[in-house]
Amino acid sequence: FLQDEEPDSDSDRSSVSSLGSEVSGRKSHLSSALSVSERTGSLMSIYSDAGDFGRVSVQGAVEFALMYSPAEELIVMVEQCQDLAFGNARKQRTDPYVKTYLLPDKSRRSKRKTSIKKRTTNPVYVESLRYNVKKKDLIDKTLSLSVWHNDSRGRNVFLGQMEISLRSWDWRHEALTWYNLQPKHGTGEVHVWLKEARQLRKLKPQGVDSFVKCYILPDTSKKSRQKTRVVKKTQNPIFNHAMVYDGFRAGEVRDACCELTVWDHSTLSNQFLGGVRLSLGTGKSYGKKVDWMDSEAQEVDMWEKMLSNPNSWVDGELSLRPSMTPRKEHL
Ligand SMILES: *[C@@H]1O[C@H](CO)[C@@H](O)[C@H](O)[C@H]1NC(C)=O
């Protein structure tokens, strides 16, 4: 999906903190425990949490041509669309425009738009969108073309898309061509909501100063690392901290592992207090043997529950492992 500046793209992120159920009246465990909630889902369905606004079934087609000009420009000649869905079903109205990106660049720099046509499901544009790019650089690029309804309610509505890998594009083919519009790829997000920890190890008489670190493996980059704030002087910290990981394609979450570790914060070195690894526990990720896909029964159980309940929170209280085999490649 394209995480762009369209007002529709991230307006539902803020709903994270208002979802999920309270943790109350749970029996306490003998060992340390961690309360977490998680959910996955495709972006399209996450939008639908806010009602059916902004969700239409994709239909219709777009006509355009691609050419590479002697002036070293990629030109996307957008001719017209046909039989688009109604962006606003109640008013039976569509104000459509076409937008392109030259992927993998999803930034504003890579965005081009046609004009907006009013009240039509068969808009005619005859506009060219241009990219200044060397021909040899096109080999690892993908043209993403999408059609949107410019909605008066402030959020634009996705009407369909089309992607063309330019690696194998035949540049002799310059004729206008019709392409059926496709739905979005089902990339989704994993949301982790860390509620609290209980009965942490008593390292200091006044209580530990704890925080939780989260990775979704195999990604160990800075982007993957997220932390809660430090909650001071208690064995029973309440974090209520939500973390969002995006860009998962269908099935990828099965190869991932959510590693949550609890630490006592200290200026010298942080002390490990316990952790969990949520995954399918298969010992493998993307076909490769890895030591961190070592989830135990209750951890596997929670990950499986989450996978089978997209777009809803799955609550759980898990015993913390007192020690964890360090990941070989990174700690
Ligand atoms: C697109 O929608 C916005 C928000 O309602 C509106 O202000 C703007 O005039 C629309 N653009 C066109 C060209 O209709």
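Laboratory data are not the source of any read-out in this text; all were calculated from the coordinates shown. This one's a predicted model, so the numbers in the text were calculated from it and none came from an experiment. Cβ sites come from the backbone with ideal geometry, for glycine too, and all protein chains shown count toward neighbours.
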Total charge of the residues flanking Lys213 in space, meaning their Cβ is under 11 Å from its Cβ, with Lys and Arg +1 and Asp and Glu -1, is +1
For Trp171, Trp193, ascending order of other Cβ atoms within 10 Å (fewest first) is Trp171, Trp193
Given pairs Lys113/Lys184; Lys222/Lys328; Lys141/Lys289; Lys204/Lys232; Lys202/Lys328; Lys91/Lys118 and cut-off 22 Å on Cα-Cα distance, the over-length ones are Lys141/Lys289; Lys202/Lys328
Semi-axes (Å, rounded, descending) of the ellipsoid equivalent to segment 179-331 per its C-alpha gyration tensor are 30, 17, 15
If N is the residue count of segment 128-171, its Cα Rg over 2.2 N^0.38 Å rounds to 1.54
So, over other residues within a Cβ distance under 15 Å of Val300, counting Lys, Arg +1 and Asp, Glu -1, the net charge is -3
Taking Lys and Arg as +1 and Asp and Glu as -1, residues besides Gln235 with C-beta under 13 Å from its C-beta add up to +3
The base-10 log of I(q)/I(0) that the Debye equation returns for segment 173-247 at q = 0.11, 0.24 Å⁻¹, one scatterer per C-alpha, is -0.47, -1.08
Least to most buried among Arg327, Arg198, Arg249, by other C-beta atoms within 10 Å and fewest first, runs Arg249, Arg327, Arg198
